[in-house]
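Provided herewith is a single structure, encoded as structure tokens, for subsequent inquiry.
The values are calculated or read from the model by the stated rules, or taken from the named source; none is laboratory data. This one's a predicted model, so the numbers in the text were calculated from it and none came from an experiment. Every residue, glycine as well, gets a Cβ built from its backbone with ideal geometry; the counts of neighbours run over all protein chains shown. All accessible areas refer to the heavy atoms of the entire protein, side chains included, with ligands and DNA or RNA removed. Shrake-Rupley method; radii C 1.70, N 1.55, O 1.52, S 1.80 Å.
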Amino acid sequence: MAHMSDLTIRPAALSDETTLADLDRRTWSPLHSVQPPPHPNDPFFTDRSRPEQLLIAEADGRTAGFIRLVAPTPLVCNAHVRAIQGLAVDDWARGRGVARALLGAAYEEARRQGAVRITLRVLGHNAPARRLYESEGFAVEGVLPGEFLLEGEYVDDVLMGRAL
């Protein structure tokens with residue numbers, strides 16, 4: 001599939017709540033989530049997931065995906081690090097460079113916030129995501145073997161990181 005020529009990435013706003021909640025429900029999978037599937041009435045934005053932490057990719061007049069970028073801890077000694085805690089691309093937009101564009105925008109935003117390093121956690125069985133992150137320069141920095149029990153299988157929690 002070709003890359004999207006009209007792809008734009010922008011910060012999220014409170015008005016994106018319904019669209020993002022719908023995308024989150026449609027893209028949920030035990031391949032990448034340790035949480036139960038979101039319910040139709042679950043809010044997308046919460047105290048732990050705020051609009052200012054999200055970037056949204058739009059193409060063809062609709063939301064193609066989002067990425068959530070956060071400070072991993074409130075500690076001053078950790079302020080130079082940002083963590084990706086959520087990346088979703090709608091099915092119709094997959095394979096068209098959306099995830100890579102969102103990652104690039106997250107790197108820029110992390111640098112703008114003063115970060116020099118970026119990390120993420122990915123489930124060990126999520127081979128497509130791991131390949132993407134490795135191709136973006138992320139390296140495995142730690143593995144918690146069998147950390148999660150998902151659908152009757154023990155799954156590793158893999159920490160990856162890279163310099164900005």
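Give the residues of segment 106-164 that are of a type outside the set (A, V, I, L, M), closer than 25 Å to Ala79 by Cα, in contact with a His (Cβ under 9 Å, 6 or more places away or on another chain) and open to solvent by 80 Å² or more (accessible area, probe 1.4 Å), sorted by residue number. Even if it seems obvious, please write down each step before you answer.
Of segment 106-164, the ones of a type outside the set (A, V, I, L, M) are 107-109, 111-114, 117, 119, 121, 124-126, 128, 130-131, 133-138, 141-142, 145-148, 151-154, 156-157, 161-162.
Checking the rest, the ones that are also closer than 25 Å to Ala79 by Cα come to 107-109, 111-114, 117, 119, 121, 133-134, 136-138, 141-142, 157, 161-162.
The next check asks that each one be in contact with a His (Cβ under 9 Å, 6 or more places away or on another chain); those that pass are 114, 117.
Selection gives nothing.
What's the number of the only condition in (1) open to solvent by 50 Å² or more (accessible area, probe 1.4 Å); (2) not in a loop (DSSP other than H, G, I, E, B) that Arg68 fails to meet?
Answer for Arg68: the failing condition is (1).
Hey, among Gly86, Gly104, Gly97, which residue is free of Cβ contacts under 8 Å to residues at least 12 places away in the same chain and within 26 Å of Ala59 (Cα to Cα)?
Gly104
Can you tell me which residue in segment 42-61 is least open to solvent (accessible area, probe 1.4 Å), limited to those that are more than 15 Å from the chain's Cα centre (by Cα) and free of Cβ contacts under 8 Å to residues at least 12 places away in the same chain?
Thr46
Ile9: surrounded by 13 or more Cβ atoms within 10 Å (Cβ to Cβ), over 30 Å from Gly146 (Cα atoms) and in contact (Cβ under 8 Å) with a residue 60 or more places away in the chain, yes or no? Reasoning before the result, please.
Working: surrounded by 13 or more Cβ atoms within 10 Å (Cβ to Cβ): yes; over 30 Å from Gly146 (Cα atoms): yes; in contact (Cβ under 8 Å) with a residue 60 or more places away in the chain: yes.
Spelling it out, Ile9 is indeed surrounded by 13 or more Cβ atoms within 10 Å (Cβ to Cβ), over 30 Å from Gly146 (Cα atoms) and in contact (Cβ under 8 Å) with a residue 60 or more places away in the chain.
Quick one: which of Leu75, Leu102 is modelled with pLDDT of 95 or more and surrounded by 14 or more Cβ atoms within 10 Å (Cβ to Cβ)?
Numbers: Leu75 fails: surrounded by 14 or more Cβ atoms within 10 Å (Cβ to Cβ).
Leu102 is the lone residue from the list that is modelled with pLDDT of 95 or more and surrounded by 14 or more Cβ atoms within 10 Å (Cβ to Cβ).
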